[in-house]
Amino acid sequence: MGDFNESVILDAIRRHPAGLSRVELAKATGLSAQTVSNITRRLIDQGVARESGKQNTGSGKPRTLLEIVPTCRYAVGVHLDPAVITCVMVDLLGTVVGHRSRRTPSGGDTDGTVADMAASVRSLVAESGVDAERVLGLGIAAPGPIDASAGWVVDPPELPGWGRYPLRERLSEATGLPALLDKDVTASVVAERWAGAATESRNLLFFYLGTGSGMGLVVDDTVLRGVSGNAGEVGGLGAACSTRTLVDEAVALGVLGGEYTVLDPADAQRGLERLALLAAEGDAQADGIIERLAIRIGRGVCAAGTLLDVDTIVFGGPTWLVLAPRLLATIEPMVARSPFVRATHPTAVLSTTLGENVAAVGAASLVLDQALSAQPRSLLLG
């Protein structure tokens, strides 16, 4: 219970960048003034929190504000994407302090790829100058399907040769860091809650659009993962919204030449950028391809938003960032017109503020979230 209460206090301080006083913390958390005082003293002694200034309440003496010390702890995140492998290091507030990326090797040499990933992680930590003891752990974001409890990736469609692979265990052994594995869309929604566009939302949907697509889901401030960690897979919608499908359609219709044919997931980005340029220059066929994509996505998020009764829908991923203005022009009105999504409340439609590396930031955020957020499950017995 003591650890849980400490996490509750940390979470409350973190969610208020301007700082909170001890009186406000007691009101926000429901904990007694004495408990708040004891915990905040301990957090200050540990260097996790600090007094940041005074708040004048108009009567009585000013209250002392508390804030998180971002540089007291760090986490590393790795996103294994079929096109690119990205490693980031973030501080306690989720701010990126180091970054590396490289094209994902083809050929299915899984052990060799993991060795390269581990080397990137070690270099990232070494170059940061941060004491390794202040690195809480390593988060891994991978395309689904995964076996979350075992820490395996399970035959990812765009990663031929990987099969059933113990990615969490192998990377943990190679880096010496405790590791967590989650699906990339789940990691992304954790990032949005921790440091992105939806830090204030308790019910949200994140639609990831990149090499593949899928949804990350939060209901009542709880990330939904499902039995095996694969919640958010969107079946045929996901396949119809991949970068490869989009470029393949453009090539088939003659909008793009045969030189843009996708042979490897990393090749698709070049065709996508060309398609976006043609649409922006007024090519009706190119625009039609993007419009049909927007309608498919819009229908999917409206249905999911209705099912979950969310107040926030966030979009992100490498493909989304290339097409965002054009896609939003169609999707925002679809959400606004939906008789279900906003029947009793407004629904915000946002683009991620975390850039194309949202899944890698999300991987690191998995570590921060597990270590520092209040986890009600920790109170359960058995």
Review point. Which residue pairs have Cβ atoms under 6 Å apart, sit 6 or more places apart or on different chains, and have a first residue in the stretch 134-159 that is under 19 Å from THR245 (Cα atoms) and in contact (Cβ under 8 Å) with a residue 12 or more places away in the chain and a second that is surrounded by 18 or more Cβ atoms within 10 Å (Cβ to Cβ) and among the aromatic types (Phe, Trp, Tyr)?
Key: PRO156/TRP162
Exercise for review: Go through the stretch 172-201 and count every residue that is crowded, with 23+ Cβ neighbours inside 10 Å and under 13 Å from VAL218 (Cβ atoms).
Suggested key: 12
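What about LEU204, is it assigned by TED's automatic domain parsing to the domain that holds ALA132 and crowded, with 24+ Cβ neighbours inside 10 Å? Steps first, answer last, please.
Details: assigned by TED's automatic domain parsing to the domain that holds ALA132: no; crowded, with 24+ Cβ neighbours inside 10 Å: yes.
It is false that LEU204 is assigned by TED's automatic domain parsing to the domain that holds ALA132 and crowded, with 24+ Cβ neighbours inside 10 Å.
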Exercise for review: May I ask you to say which residue of LEU308, LEU278, LEU293 is of a type in the set (A, V, I, L, M), free of Cβ contacts under 8 Å to residues at least 24 places away in the same chain and more than 18 Å from ALA191 (Cβ to Cβ)?
Suggested key: LEU278
**Study point:** Matching helices (runs of 4 or more DSSP H) fully within the stretch 231-306 where at least 3 residues are of a type in the set (Gly, Ala, Ser) and more than 27 Å from ALA148 (Cα to Cα)
**Key:** 268-280
**Study point:** Residue satisfying condition, being touching a helix residue (DSSP H, G or I) at 6+ places or on another chain (Cβ under 6 Å), surrounded by fewer than 23 Cβ atoms within 10 Å (Cβ to Cβ) and over 30 Å from THR261 (Cβ atoms), within set SER338, SER351
**Key:** SER338
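Farther than 18 Å from CYS72 by Cβ, without any contact (Cβ under 8 Å) to a residue 24 or more places away in the chain and hydroxyl-bearing (Ser, Thr, Tyr): does that describe SER59? I'd like the intermediate steps shown before the answer.
Values: farther than 18 Å from CYS72 by Cβ: yes; without any contact (Cβ under 8 Å) to a residue 24 or more places away in the chain: yes; hydroxyl-bearing (Ser, Thr, Tyr): yes.
So SER59 fits the description; yes.
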Exercise for review: Can you give me the number of residues within the stretch 87-105 that are closer than 22 Å to ALA18 by Cβ and in a loop (DSSP other than H, G, I, E, B)?
Suggested key: 4
Study note, to complete from the structure: Conditions (1) assigned by TED's automatic domain parsing to the domain that holds LEU217; (2) in a helix (DSSP H, G or I); (3) crowded, with 23+ Cβ neighbours inside 10 Å; (4) modelled with pLDDT of 95 or more -> VAL314 fails only (2)
Review point. Within the stretch 122-147, how many residues are surrounded by fewer than 21 Cβ atoms within 10 Å (Cβ to Cβ) and farther than 26 Å from GLY98 by Cα?
Key: 2
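The values are calculated or read from the model by the stated rules, or taken from the named source; none is laboratory data. All values reported here derive from a predicted model rather than from experimental measurement. We place every Cβ from the backbone using ideal geometry, glycine too, and count neighbours over all the protein chains shown.
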